[in-house]
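**Student:** Please read through the structure below; I'll follow up with questions.
Laboratory data are not the source of any read-out in this text; all were calculated from the coordinates shown. These numbers come from a predicted model, not from an experiment. So basically every Cβ, Gly included, is an ideal-geometry build from the backbone, and we count neighbours across all protein chains shown.
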Amino acid sequence: MNEAFWLMLAHRPDAVEFLQAGENFCKEYNRTCALASQQPALATEIVSDRAESRNLLLEALSQAQESVIIVSPWLNKRWVDDELLSQMEALLRRRCSLHIGWGYSGDISGIQSYGGLIHIQDNGKVLIQSSFKQMYRYSAYPELTKLRNRYSGQMYMKLLGTHEKYVVCDRRFAMLGSHNVLSSGDTASAPHECSWKTTDIRVINAQIARFHSLPDLCNTFRPQAQPSKIARFA
């Protein structure tokens, strides 16, 4: 401290209290800084738009050591392209598991009065109504089922009747948001999307438990009506 400070202090009637207050402030400041340095990094961050969520999906597939869960109502081959299929197969070759939850409830025959694009047979096979204009929503389903058949016991397709969109990579991170990561591409006219990436183990465990608790409608649901024109995808 310089001479001017001490001269100022000498003329203060409360010099002792003033110094004590300064000392207390410094102690509290140091304590706060120490506590802040011990806090873990933020567990949640925003993932903006389709390009970023696509990159995070590819990261999950390339870095997972145990399993990846992907839930996306629609499966379009414009977005489930060669790059994505290659990453999925590389994941499976590493002996990891891949779980895909798919199928919008409004497209499933018997759930909604207007549904009929997806039909579940008595044997649990899925039939896609070929006369529907919206058949493109599931244009990637044949390729995904081929991959599933090649890696039986590692890759699973679960018909959920859902509108959820999320990705879980091991117990490392989860992404939850608005983007249909297996159907909606990143074009110039694409609407904005927003997701959250979290490393909070409580959220990750809860999301994994939720996925596995939901039934596969191929095993549990049978509609009454039969579709007229169908394309079979085993």
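**Student:** Taking the Cβ of each residue in 155, 135 as the centre, tally the other Cβ atoms inside 10 Å and list the residues starting with the fewest. Display every interim value, and only then the final one.
**Tutor:** Numbers: 155 21, 135 15.
Listed from fewest to most nearby Cβ atoms, that is 135, 155.
**Student:** Using alpha carbons only, how many angstrom separate the centre of region 119-165 from the centre of region 60-114?
**Tutor:** 10
**Student:** Determine, for each peptide in 65-75, 89-99, the mean count of other beta carbons within 10 angstrom over its residues, then list the peptides with the highest first.
**Tutor:** Result, highest mean Cβ count within 10 Å first: 65-75, 89-99.
**Student:** Something else now. Let's test the formula: R0 of 45 Å, r as the Cβ-Cβ distance of residue 95 and residue 133. What FRET efficiency results, to the nearest 0.05? Walk me through the intermediate numbers first.
**Tutor:** Values: r = 40 Å, r/R0 = 0.90.
After rounding, the FRET efficiency stands at 0.65.
**Student:** Would you mind computing, in nm to one decimal, how far apart the modelled labels at residue 123 and residue 213 are, each placed 7 Å from Cα along Cα→Cβ?
**Tutor:** Going from the residue 123 label point to the residue 213 one covers 3.4 nm.
**Student:** Report, by chain and number, residues whose modeled amide H sits under 5 Å from the one on residue 140, excluding near sequence neighbours (fewer than 5 apart, same chain).
**Tutor:** Those qualifying (amide H under 5 Å, at least 5 residues apart or on another chain) are 75, 76, 77.
**Student:** With a 10 Å radius around each residue's Cβ, average the other Cβ atoms per peptide and rank 168-176, 77-85, highest first.
**Tutor:** Values: 168-176: 20.7, 77-85: 16.1.
Ranking the peptides 168-176, 77-85 by packing returns 168-176, 77-85.
**Student:** Quick check: net charge around residue 76, other residues with Cβ under 12 Å of its Cβ, Lys/Arg +1 and Asp/Glu -1? Walk me through the intermediate numbers first.
**Tutor:** Values: positive: 77, 78, 137; negative: 81, 143.
Here the count lands on +1.
**Student:** What's the extension gain from residue 81 to residue 221 if we count 0.36 nm per residue and subtract their Cα-Cα distance? Don't skip to the end; give the middle numbers.
**Tutor:** On the way: separation 140, 0.36 × 140 = 50.40 nm, distance 3.03 nm.
Contour length minus the Cα-Cα distance gives 47.4 nm.
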